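The values are calculated or read from the model by the stated rules, or taken from the named source; none is laboratory data. Everything numeric here is computed off the predicted structure, so don't read it as measured data. Note: ideal-geometry Cβ built from the backbone for every residue, glycine included; neighbour counts use all protein chains shown. Note: accessible area is taken over every heavy atom of the protein model, side chains too, but ligands, DNA and RNA are not part of it. Shrake-Rupley method; radii C 1.70, N 1.55, O 1.52, S 1.80 Å.
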Amino acid sequence: MKLIQQVQDNVIWAKNFYQEFRLYDLASYSVNYLTPKDTFEKEAHLPYGLKARQRLDLYKSKNARQKRPLIVFVHGGSWKHGNKRDYMFLGETFAREGFDVAIINYHLAPEHVFPTFVDDLAQAIHYLTQNQSKLNVSTDNMILMGHSAGAFNVMSVMYSAQSQDFKHRDKIKAIIGLAGPYHFDYKNDPLAEHAFDQKVPYQQVMPYYFVQPNQTKHFLLIAEQDHLVGNKNSFDLDQALREKGNHSHIAVIPKTGHLTIVGTLASFVSHYFKTKRTIMHFLEEALDD
C-alpha cells in the first residue's frame, strides 16, 4: 500500500510539474545560470502579506557609487503562471546599474481573478514603503516595471476603478511597460478569459479607461515581432495618457518578440539588443527631473 501511495504521489507531482513547466521556464533557468552573481545581495522570499504567493525577492545593488531608486518588477504569464525566481537575470541587470530591485509574486488565475493580482502589487508597494528603513531601500521615486500581464498590473495599480485606494501614487516616478495589454476585450480570449470576471465588461477594467492626470512618466515598450499582444494596446494607452496631459513615450524594440523582449535584458546578451539601452535612457530622463 505504501508503494502504491508513493507511485500515486509521484504521478500527481509529475502532472503538476508538467502543468507549471513551459519552454520559457527552461530558458529562464539557463539565463539565470549564466547570470553573474557578484553585483547584488539578495534577500529572498520576503513576505509582503500573509498568503503564500505574497512574497518578493529583493536584489540590493552593490554599486554604492551610483545608488539609484527602487524598481518594482511584476512578471508576466497570462496572469496564470510565472514566478519571481525566474527573473534573477533582471534583478542583476539593474542592480549592476545601481538600482535596488524588488521582484514580486502575486496570486494567479483561474483561482484568483482581477483585481486580486493588482491588489497584491499595491500591498507589496505598501510593505516596501513601510519597511524601507529596515530593508535599507528608498521608496521615494519608485519605478514600476512589468512585462506582459505584469505590465497590465503596474498600469492598473495606478489606473483602475479600485486605484483610488492606492496610497502611494505620489511616490511613483515612472512606469515602464514591456509588451503590455492595456486595452482589449478579454471575453472568450483563450489567453486572458480565465483572469477576469466574464460578466464584467472590459470597459470597466482596462487601465485605458481610468487614466488620471499626474506627474508620473510612462514608457511603453513594444516588441517588434510581438504576435501575442497587439501594438494597438500601447498606442491606445499612449493616446489616453497624452489626452490627460501626462508624459508618455513609446519605443519599438527591434529583433524582439513577446517573450524575448524581457529576456534580452540579461546582462550577458543585453548589448546585442536595444531593450536595456532604451530603458536606461528612459530612466535617466525620468530621474533627471
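Could you work out the mean projected area of the convex hull around the alpha carbons of segment 210-269, in square nanometres to one decimal? So the mean shadow area of the Cα hull is 4.7 nm². Taking 31 Å as the limit for the C-alpha separation, the pairs Lys51/Lys274; Lys60/Lys199; Lys62/Lys173; Lys51/Lys255; Lys134/Lys217 exceed it in the case of Lys51/Lys274; Lys60/Lys199; Lys51/Lys255. Within the listed set Ala174, Ala95, Ala240, the residue fluctuating most in the Gaussian network model of the chain (springs between alpha-carbon atoms under 10 angstrom) is Ala240.
The separation of segment 113-128 from segment 169-184, counted between C-alpha centres, amounts to 14 Å. For the chain, the share of accessible area belonging to carbon and sulfur comes to 54 percent (1.4 Å probe, ligands and nucleic acids excluded). Across the chain, the longest run free of exposed loop sites, meaning chymotrypsin sites (Phe, Trp or Tyr not before Pro) lying outside DSSP classes H, G, I, E and B with no more than 14 other Cβ atoms within 10 Å, spans 22-267. Ordering Asp185, Asp165 by accessible surface, largest first, gives Asp165, Asp185; the 1.4 Å probe counts only protein heavy atoms, with every chain in place. For the chain, a Gaussian network of Cα nodes joined below 10 Å ranks Ala44, Ala124, Ala149 by mean-square fluctuation, and the top entry is Ala44.
At 20 angstrom or more along the helix axis (alpha-carbon based) and mean Kyte-Doolittle of -1.0 or higher, what helices does the chain contain? Whole DSSP H runs only. Each step should come with its number before you reach the end.
On the way: long enough: 2-20 (27 Å, -0.64); 116-130 (21 Å, 0.19).
Span-like helices in the chain: 2-20, 116-130.
Which one of Ser138, Ser30, Ser78 has the biggest mean-square fluctuation once the chain is modelled by GNM with Cα springs under 10 Å? Highest fluctuation among the options: Ser30.
Could you report segment 80-205's accessible area per residue, 1.4 Å probe, as an integer in Å²?
Accessible area per residue, segment 80-205: 35 Å².
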